[in-house]
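The values are calculated or read from the model by the stated rules, or taken from the named source; none is laboratory data. Keep in mind it's a predicted model, so treat the numbers as computed, not measured. Virtual Cβ from ideal backbone geometry, glycine too; neighbours counted across all protein chains shown.
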Amino acid sequence: MFNLANFSLKLGNKEYPPLMVGGMGTNISTSRLVLAIEKLGGIAHLSDAMLPAVVDREFGTQFTKGKTFRFKQTIDQADKSEVKFDLNELREASKLYYKSVMERATGKGLVLVNCMEKLTMNDPIGTLKTRLNAALDAGIDGITMSAGLHLSSLKLLQENPRFNDALIGLVVSSSRALKLFLKRTSSIGRKLDYIIVEGPLAGGHLGFGEDWRSFSLSDIVKDVINVVKDEKLKTPVLGAGGIFNGNEAINFMKETGAQGVQVATRFTISQESGLPDAVKEQYIEAKEEEVVVNHASPTGYLMRMLKQSPGIQDNIRPNCESYGYMLSHGDCPYLKEFNESEKEKTKCCLCTHMRNYKIWTCGTTVSRLKEVTKKDGSGVWILPSAEEIFNDYCYGTSKK
Ligand SMILES: Cc1cc2nc3c(=O)[nH]c(=O)nc-3n(C[C@H](O)[C@H](O)[C@H](O)COP(=O)(O)O)c2cc1C
């Protein structure tokens, strides 16, 4: 039977099913989820968002507590410019996490890490350099650079002994962003191994403005493929955002010439996803009209989420000392709003709420999850395993 597994994606000198599971922060794409896919010969992303806090939960370390204690004098101050990660600790936390994952990987598939480049802490270059290099040092198969597109990232990795053999990919939402990246990095001479085009229907942050509805993933992918050809490159291009099953993936690849797809929303409700089960039920029961794109994230990017996410209305004290990744010079828009007014806040403390699973980000297809999920005899949703979802994408032939 004809299905997605009939196609393949060549990365390095190996071939894989043309399906990547996207990174889902904070710790929604858990190591359990990623390893379940890797074991099947698939490709999946960890997310490095708020990794020290994730490591504390999983390994009982105290990186977050230590940082809170170190900066406790700034908790009541508006200016947080002193608050920085201890780069040695950041390196230690990252290595501990990635090593433990890579020790459990089978080598059949790929474990990649999605590095959200915009997440910095009063030291963008130092923080990013530490995070990227620690991932390679710990043996991760590859890094996907996303959100914020730091044009110096390749340079930050240049000295790493694995710079040429680990996979390095990029997420873009326009051919213009890709051109800029290629232009600025051409002198480094390191080609990208893959390019993921994230369209307007994806989960998480969006690389579009208020006019996101006027863009189509297919059109952007075609434009990006043209840039790749013009540059005489052979980099595979994948599309992401709104692709719900294997049939849709095949049709999309045929229409655009993409060599694969990246998906995420269907895996949010997998048994291995980090979301609490009660939140997974909210995802399954979500209605189309409950999915909103708003300005709640202080990053400046639009974000897609369920409008009933409890974090949206929760005006908590910013938790910069513990987990915070501030965006520039000691503040972020939420911190400013929090300090300057008592009126209703339009932004939320994303760090805290993402860590506590109170912002329910999702792609547009979240409202279709109920179509592919069953209930048991007592009316409780039966959560699928990551393997079942992966196999449905790869081997499923039904249009539903
Ligand atoms: C719950 C969730 C969390 C996400 N978190 C991140 C993230 O931390 N970084 C990122 O670059 N993309 C993130 N994304 C985007 C996905 O990696 C992926 O590219 C996209 O959602 C694929 O589209 P789909 O969800 O319609 O399948 C997230 C998506 C979801 C659904």
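From Phe208, Phe181, which residue is farther than 25 Å from Asn27 by Cβ, within 16 Å of the ligand (Cβ to nearest atom), modelled with pLDDT under 95 and not aliphatic (A, V, I, L, M)?
Phe181
Can you tell me which residue is nearest to Ser31 (Cα to Cα) among those in the stretch 47-90 that are within 16 Å of the ligand (Cβ to nearest atom) and part of a loop (DSSP other than H, G, I, E, B)?
Asp48
Report, ordered by the first and then the second residue, all pairs with beta carbons closer than 8 Å, sequence separation of six or more or different chains, a first member in the stretch 218-247 that is closer than 21 Å to Ser146 by Cβ, and a second member that is among the basic types (Lys, Arg) and surrounded by fewer than 17 Cβ atoms within 10 Å (Cβ to Cβ).
Val227/Lys179; Val228/Lys234; Leu233/Lys191; Thr235/Lys191; Pro236/Lys10
Looking at the stretch 187-211 only, could you name the residues that are out of contact with any helix residue (DSSP H, G or I) (no Cβ under 7 Å at 6 or more places or on another chain) and touching a residue at least 60 places away in the same chain (Cβ under 8 Å)?
Residues satisfying the conditions are Asp193, Tyr194, Ile196, Glu198, Ala202, Gly204, His205, Gly207, Phe208, Gly209, Glu210.
Looking at the stretch 353-367, which of the residues that are under 11 Å from Tyr283 (Cβ atoms) and assigned to a helix (DSSP H, G or I) is farthest from the ligand (Cβ to nearest atom)?
Among those residues, the one meeting the criterion is Ser367.
Whether any residue in the stretch 231-239 is among the small types (Gly, Ala, Ser), surrounded by 15 or more Cβ atoms within 10 Å (Cβ to Cβ), near the ligand (Cβ under 10 Å from one of its atoms) and within 24 Å of Ile168 (Cα to Cα) is what I want to check.
Scanning the stretch 231-239 turns up at least one residue that is among the small types (Gly, Ala, Ser), surrounded by 15 or more Cβ atoms within 10 Å (Cβ to Cβ), near the ligand (Cβ under 10 Å from one of its atoms) and within 24 Å of Ile168 (Cα to Cα).
I want to confirm something. Restricting to the stretch 267-284 and keeping residues that are of a type outside the set (A, V, I, L, M, F, W, C) and loosely packed, with under 15 Cβ neighbours inside 10 Å, which single residue is nearest to the ligand (Cβ to nearest atom)?
The residue in question is Pro276.
For the subset of the stretch 102-118 comprising residues that are aliphatic (A, V, I, L, M) and within 16 Å of the ligand (Cβ to nearest atom), which member is farthest from Gly12 (Cα to Cα)?
Met116
Identify all residues within the stretch 248-257 that are on the phi < 0 side of the Ramachandran plot, in contact (Cβ under 8 Å) with a residue 12 or more places away in the chain and away from the ligand (no atom under 16 Å from the Cβ); write none if there are none.
Correct list: Glu255 only.
For Ile188, work out the one condition from (1) buried (at least 17 other Cβ atoms within 10 Å of the Cβ); (2) at pLDDT below 95 it doesn't fulfil.
For Ile188, the exception is condition (1).
Scan the stretch 25-42 for residues that are of a type in the set (A, V, I, L, M) and touching a strand residue (DSSP E or B) at 6+ places or on another chain (Cβ under 6 Å) and jot them down.
Across the stretch 25-42, the qualifying residues are Val34, Ile37.
Tally up the residues in the stretch 29-46 that are in a loop (DSSP other than H, G, I, E, B), in contact with a helix residue (DSSP H, G or I) (Cβ under 6 Å, 6 or more places away or on another chain) and within 11 Å of the ligand (Cβ to nearest atom), please.
0
Quickly run through the stretch 114-139 and pick out the residues that are over 21 Å from Ser297 (Cβ atoms) and touching a residue at least 60 places away in the same chain (Cβ under 8 Å).
Answer for the stretch 114-139, where residues must be over 21 Å from Ser297 (Cβ atoms) and touching a residue at least 60 places away in the same chain (Cβ under 8 Å): just Ala135.
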